[in-house]
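I have placed the structure first, in the form of structure tokens, so that the comments after it can refer back to it.
Since every read-out is calculated from the coordinates, none of them should be taken as a lab result. Just so it is clear, the model here is predicted, and its values are computed rather than measured. Backbone-built Cβ (ideal geometry, glycine too); neighbour counts: all protein chains shown.
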Amino acid sequence: MTEMSDNLLDVSHVRRTFPRGGGEELLVLDDVNLVLRPGEIVGLLGRSGAGKSTLLRLIAGLARPQGGSLSYMGAPIEGPAPGVAMVFQGFALFPWLTVLENVQLGLEALGLPQTEIRTRALAAIDLIGLDGYESAYPRELSGGMRQRVGFARAVVVHPNILLMDEPFSSLDVLTAENLRTDLIELWGSGKLPTKGIILVTHNIEEAVLMCDRVLLFSSNPGRVSSEIKIDLPQPRDRTTPAFEDYVDQIYVEMTARRVERMRQAQAAGSAGIALPLTHVSPNQVSGLVEALAVAPYNGKADLPDIAYEQELEVDELFPVAEAMQLLRLADVEGGDITLTHMGKRFADSELNERKEIFSRALMSHVPLAAHIRRVLDERTSHSAPKTRFLDELEDHMAEDAAEETLKTVVSWARFGELFSYDDDAALFSLENPT
Ligand code: ADP
Ligand code: MG
């Protein structure tokens with residue numbers, strides 16, 4: 001029995017896995033729940049690899065879940081619904097078609113008369129600020145204009161739900177901001193032929209700027225871990241204290257959850273090798289430690305502040321802060337990052353001592369690094385092929401995550417001179433066997 005729902009979209013207990021070698025499965029989405037109500041822009045905020053695009057594909061009817069259910073205006077989603085349209089990060093335009101033809105393409109599938117297709121496409125082009133560019137080809141347009149074509153092609157079908165998958169992330173800062181502002185203005189004016197929007201993003205400020213509600217999406221497996229209602233009138237001003245408070249609050253929630261996960265993984269001892277690592281170079285770690293050590297921070301900073309100062313985005317800052325935390329060079333708590341005693345020593349040290357600190361931190365706090373070192377110590381050859389560890393990691397995570405985790409540990413171990421890795425031979429070895 002289907003319950004009556006006034007929601008545009010109901011996603012309930014959705015689970016999605018992908019097959020992996022050896023008949024195993026990778027759990028990408030687990031128990032995902034969300035609703036989209038008429039008149040809302042809902043943000044899905046999470047790190048890359050969390051499963052956000054996978055979820056959008058399920059909502060668009062381009063793929064099916066293994067468990068749970070999705071419904072669009074009360075009816076189960078069993079394939080692409082004509083009322084749901086998507087804007088992609090990479091524009092996805094056809095280079096050999098003009099702007100008008102690219103936009104019309106969205107309508108061809110609906111089987112409308114040719115004159116109506118043309119009229120509606122021209123209206124969408126006009127609405128989205130592309131008037132005068134109808135006969136231009138994508139290559140003649142800037143990135144911002146191309147993404148406008150992407151928007152026009154999505155709204156031309158008058159979708160009840162507009163799905164946007166990081167639509168601003170491949171644009172430069174100013175262009176992205178113009179497009180965000182225009183979109184919010186159109187939405188506010190009621191001219192957008194759409195009832196609700198889901199915006200996927202990894203940018204906290206973008207989420208706070210545009211959304212009525214922000215759903216924080218956690219990784220491994222992906223699920224909605226909390227919801228923050230943004231109670232600010234549009235248009236919003238990034239510089240107001242209320243805006244900054246929301247950004248801070250989200251930073252705090254996102255870091256708190258990750259810290260907890262990391263502690264659990266470390267507490268799990270050797271089982272902690274299952275912790276996926278995001279690639280961060282020792283240089284990035286050193287850079288942030290150094291920046292934190294000196295004025296104006298003197299060892300402690302507000303995460304959003306230092307992100308802004310260092311011109312880093314969340315997706316870039318979190319992994320660095322996390323690596324520092326994992327290595328116990330810093331603590332992250334309540335939206336602040338604070339150098340530990342060891343972090344301060346690291347900042348004050350010469351290169352050789354830094355390497356030593358790094359090496360000791362790897363052995364004590366990064367189970368995978370300690371594990372690899374132990375295996376190499378125990379083997380008479382003091383070497384092991386990459387597959388030895390890659391296979392082991394792939395029992396716990398997706399192939400690309402395993403590759404990245406291993407790559408990360410290799411670069412850290414190189415810096416700490418804990419072991420070495422030969423890329424060509426795909427071989428781990430001890431440089432200085434003890
Ligand atoms: P996000 O959009 O949040 O960056 P994705 O939804 O693209 O994340 O991917 C989530 C995870 O699912 C990743 O580990 C990715 O490798 C995996 N994945 C996505 N699509 C497929 C697929 N078709 N086959 C196998 N794994 C996939
Ligand atoms: Mg994605």
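Structural remarks
- For the chain, the longest principal axis of the C-alpha atoms and the axis of helix 143-155 are separated by about 50°.
- Nearest-0.05 FRET efficiency for residue 239 and residue 331, computed from C-beta distance (R0 22 Å): 0.15
- Measuring max minus min along each principal axis, the C-alpha atoms of region 282-429 give extents of 50, 33, 25 Å (largest first).
- Compared with the dominant Cα axis of the chain, that is its longest principal axis, helix 99-108 is turned about 80°.
- Computed from the C-beta positions of residue 137 and residue 108, the FRET efficiency with R₀ = 25 Å rounds to 0.85.
- Stretched out straight at 0.36 nm per residue, the stretch from residue 231 to residue 423 would grow longer than its current Cα-Cα span by 64.0 nm.
- Packing rank of 22-28, 326-332, 255-261, where each peptide gets the mean count of other beta carbons within 10 Å, highest leading: 326-332, 255-261, 22-28
- C-alpha long axis of helix 282-293 to longest principal axis of the chain, angle in °: 90 degrees
- Chain lengthening between residue 172 and residue 25 when straightened (0.36 nm per residue, less Cα-Cα): 49.2 nm
- Alpha-carbon centroids, region 403-434 and region 309-340: separation in whole Å: 24 Å
- Cut-off 12 Å between beta-carbons: net charge of the residues surrounding residue 183, Lys and Arg +1, Asp and Glu -1: -1
- Put a plus charge on the Cβ of each Lys and Arg, a minus charge on the Cβ of each Asp and Glu, and nothing anywhere else: the dipole of the chain about its Cα centre is then about 660 debye.
- Radius 11 Å from Cβ of residue 370, net charge of other residues (Lys, Arg +1; Asp, Glu -1): +2
- FRET E, pair residue 118, residue 185, Förster distance 35 Å, beta-carbon r, rounded to 0.05: 0.85
- Treating each Cα of the chain as one equal point scatterer and applying the Debye formula with no solvent, the log10 of I(q)/I(0) at q = 0.07, 0.08, 0.09, 0.11 Å⁻¹ comes out as -0.41, -0.54, -0.67, -0.94.
- Within region 59-154, GluC sites (Glu not before Pro) in DSSP loop having at most 13 other beta-carbon neighbours inside 10 Å: 78
- Cα centre as origin, Lys/Arg/Asp/Glu Cβ charges: region 106-240 dipole, Debye: 280 debye
- Whole-number percent relative contact order across the chain, with pairs defined as alpha carbons under 8 Å at least 6 apart: 14 percent
- Taking 28 Å as the straight-line reach from the Cα of residue 407, the lysines in range (excluding those fewer than 8 positions away in the same chain) are 52, 344, 355, 386.
- Net +/- balance of residues flanking residue 306 in space, Cβ distance below 11 Å, scoring K and R +1, D and E -1: -4
- Whether region 9-250 is rounded, prolate or oblate, judged on the alpha carbon gyration tensor where a/c under 1.5 counts as rounded: oblate
- Positive dipole terminus of the chain, leading residue within 247, 363, 317 (C-beta point charges): 363
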